[in-house]
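These notes are about the structure you will find just below.
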Amino acid sequence: MNLLVPVDIWKVLQASEISILKKPLKSNISGMFLKKGFVKLVLINTSRTVGHQNFTGCHEYFHLLYDQDDKKICRAGEFDSNDSNEREADYFAAYFLAPDEALEFQVERRLKGKRRALNIADAIALEQMFGMSHQAMLIRLKEAGYIHAEEEEHMRSRVLTQALQLGYSPDLYLPSNENAIISNYAEKAKEALDKGLISQGRYEELLLEAGLEELVFGLTEREEERDETIPL
Ligand SMILES: [Zn+2]
């Protein structure tokens, strides 16, 4: 394991042939996953902070790896959801972004052999290193026994101000509002055609639909259109 380079969940998803659709949504959901035909997809709400987006990417990765469901809309990072599957996805994400060994290595680097309690500057340095949200890092540090519940509570507030004071970029704590499609969708459609899994007609239809956004949002839009054209 490389203890210095943080996990790039987007590359992990790409390598797993999972399409990524990033979009700012009006809703405050974190994201969703979808399995449909040959498509595996995660949708990430970019109106949430970048740290939360990274976390959500890992949370959805858990669903795609281990769930039987083929679709779910998620509020990631709550850790205390009534839904045990959601809790599992949250803990998976926290450990996936900051695995034990890497976290221990980075904590030791901060402490430089001194025995002292971790403070807010340490938490911020660590979440910056691992690219995860402040809340998720605090929960991860509590889980690993580096901080107590009261310290976690105390370190929760004013993270952006403190990160700026410590000289970090605010990016992790802000929404990116980006629109992006990272996908091998066209390639997978061709592959399905070549393997005889879909017809030429369906292949052309898929390419015409050009995509993922259509898969996620298009169905409802198309239904709306249909509704509008119903003669009175
Ligand atoms: Zn979920």
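Worth pointing out:
- LYS11 fulfils the conditions (1) surrounded by 16 or more Cβ atoms within 10 Å (Cβ to Cβ); (2) of a type outside the set (Ser, Thr, Tyr); (3) closer than 25 Å to SER169 by Cα except for a single criterion, (1).
- Pair list, Cβ < 7 Å and 6+ apart or interchain, from segment 23-38 residues that are among the β-branched types (Val, Ile, Thr) to residues that are not in a strand (DSSP E or B): ILE29/ARG75
- Out of GLU88, GLU60, one residue alone is out of contact with any helix residue (DSSP H, G or I) (no Cβ under 6 Å at 6 or more places or on another chain), crowded, with 19+ Cβ neighbours inside 10 Å, modelled with pLDDT of 95 or more and over 19 Å from GLN128 (Cα atoms). It is GLU60.
- Tally of residues being surrounded by 13 or more Cβ atoms within 10 Å (Cβ to Cβ), farther than 15 Å from TYR95 by Cα and hydroxyl-bearing (Ser, Thr, Tyr) across segment 140-157: 0
- Contacts under 7 angstrom Cβ, first residue in segment 74-102 being within 19 Å of ALA123 (Cβ to Cβ) and assigned by TED's automatic domain parsing to the domain that holds LEU138, partner polar (S, T, N, Q) and near the ligand (Cβ under 10 Å from one of its atoms), 6 or more apart: GLY77/SER30
- ILE230 fulfils the conditions (1) of a type in the set (Val, Ile, Thr); (2) modelled with pLDDT of 90 or more; (3) loosely packed, with under 13 Cβ neighbours inside 10 Å except for a single criterion, (2).
- Only one entry in LEU126, LEU41, LEU97 is in contact with a Pro (Cβ under 8 Å, 6 or more places away or on another chain) and surrounded by 22 or more Cβ atoms within 10 Å (Cβ to Cβ), namely LEU97.
- Checking each residue in segment 93-121 for being more than 10 Å from the ligand (Cβ to nearest atom) and in contact with a Cys (Cβ under 7 Å, 6 or more places away or on another chain) picks out PHE96, LEU97.
- Lone unmet requirement of (1) away from the ligand (no atom under 16 Å from the Cβ); (2) surrounded by 13 or more Cβ atoms within 10 Å (Cβ to Cβ); (3) more than 12 Å from the chain's Cα centre (by Cα) for MET132: (3)
The values are calculated or read from the model by the stated rules, or taken from the named source; none is laboratory data. Here the structure is a predicted model, which is why all the values come from computation and not from measurement. Heads up, the Cβs are rebuilt from the backbone with ideal geometry, glycines too, and the neighbour counts pull from every protein chain shown.
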